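Please treat every number below as a calculation from the coordinates, not as lab data. Quick caveat, the model's predicted, so the values are computed rather than measured. Positions of Cβ are generated from backbone atoms using ideal geometry, with glycine treated the same way; all protein chains shown enter the neighbour counts.
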Amino acid sequence: MAHPFVAARALGRFGRRVACAAAVLGAACAFAQDETAAAPPALPADAVVAPAPVPVPATPRWVVRLPAADPVVFRGAENFDTAGTGAAPMLYPAPSAAGLLAVVLVHGLMNESAKSAQKAKLQEQADQVLVPYRKLLAAYTHAELAQGATAPASVDGQAWQVDSAPVFSLTQDQQALVLDNVVSVRRAGSAGAAAYESVVRIVSAPTAEADPVAYWSKDNGAAFRAVAGALMRESIELAVSMADKTMPAGAAAQKTFRYFEGGTERVERASLVFERCARRVLLTLRETLMSVPLAAGADACAAVAAKAG
């Protein structure tokens, strides 16, 4: 009678040895891994192993260069339209035309000097609105401002260099910030003439805060930084759009636009460049860009979102 166990030969390229045993009442199989299994074949000496792909950082749409001196400039918003008014009319007694011209020139210089002094006094008074925030604004650097105005990626792989001199104004009711940004835009690395140079004004939407001092002061001026960064980013984006000629032409007829600067209604004679749910971009008679909030901005945005949904 044959032995009930039959040895099976080794199977497989990796040296598995299989032993099967058949018994009267059943069968059992056991698999054992050969400890001397062959190693994977080595790569040829001339084989080229491709490195793992390294993400290439996107080129930013712009690179901003800000003033070296800190802190960021803040002032109280003031209307200088009345500066120099109220001066009494002056008679010009002179023996000759040359003498009359000299008197007129002297009077003009005196009038401009008086107007400048009046503006300085008005600005000093307007800056009193910043008294509760002087300590936190004194620590706000241009580097922090730049971090809050990060650039999107460039679509053509080229960046614009933006030289910027921003000045922020807080409205007297402390409900809004206004940015006047003097910009000069050219291709990065170019020594040629600027593609666009102007002043871009951005007016923030009113906060409608019952306690504006608490709002602006909270978390060491977090609201100042957030709003200032957003205004800065928008101003640069508008300037770069003018430089690369992607801005709509703004060929609409000039008319009077009304908008709010904080809680104060303002008017501006301009042509409409474009309008979105909460903001309107204007080209003024001075050929400068303005971005202002719409009176019903929040409602308009809600309507747009509802329609999109």
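Quick look at the numbers
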read-out	value
Full-stretch length increase - residue 59, residue 155 - with 0.36 nm per residue and alpha-carbon distance subtracted	33.7 nm
Rg/Rh ratio calculated on Cα atoms of segment 127-186 (Kirkwood radius)	1.07
³J(HN,Hα) computed for each position of segment 194-202 - Karplus, 6.51 cos²θ - 1.76 cosθ + 1.60, integer Hz, glycine/proline x	5, 6, 7, 9, 5, 10, 10, 10, 10
Inter-probe distance in nm under a simple model that places probes 7 Å from Cα toward Cβ, at residue 131 and residue 194	3.7
Net +/- balance of residues flanking residue 160 in space, Cβ distance below 10 Å, scoring K and R +1, D and E -1	+2
Sorted peptide list for 186-199, 270-283, criterion being average Cβ within 10 angstrom, highest first	270-283, 186-199
HN-Hα J in Hz across segment 162-170 - Karplus 6.51, -1.76, 1.60, θ = phi - 60°, x for Gly and Pro	10, 8, 9, 10, x, 10, 9, 10, 9
Total charge dipole magnitude, segment 132-287, about the Cα centre, Cβ charges on Lys, Arg, Asp, Glu only, Debye to nearest 20	180
Highest-first arrangement of 174-180, 126-132, where packing means the average Cβ count within 10 Å	174-180, 126-132
Calculated FRET efficiency for the pair residue 213/residue 267, C-beta based, R₀ 41 Å, to 0.05	0.90
Neighbourhood net charge (14 Å Cβ-Cβ; Lys/Arg +1, Asp/Glu -1) for residue 171	-4
Simple spin-label estimate for residue 121 and residue 287 in nanometres, 7 Å along Cα-Cβ	3.6
Per-pair calculated FRET efficiency, R0 = 30 Å: residue 143 and residue 187 via Cβ, rounded to 0.05	0.80
Residues with amide H under 5 Å from that of residue 140, placed H, sequence gap 5 or more	72
Distance between modelled label sites at residue 73 and residue 230, nm, 7 Å Cα→Cβ extension	2.4
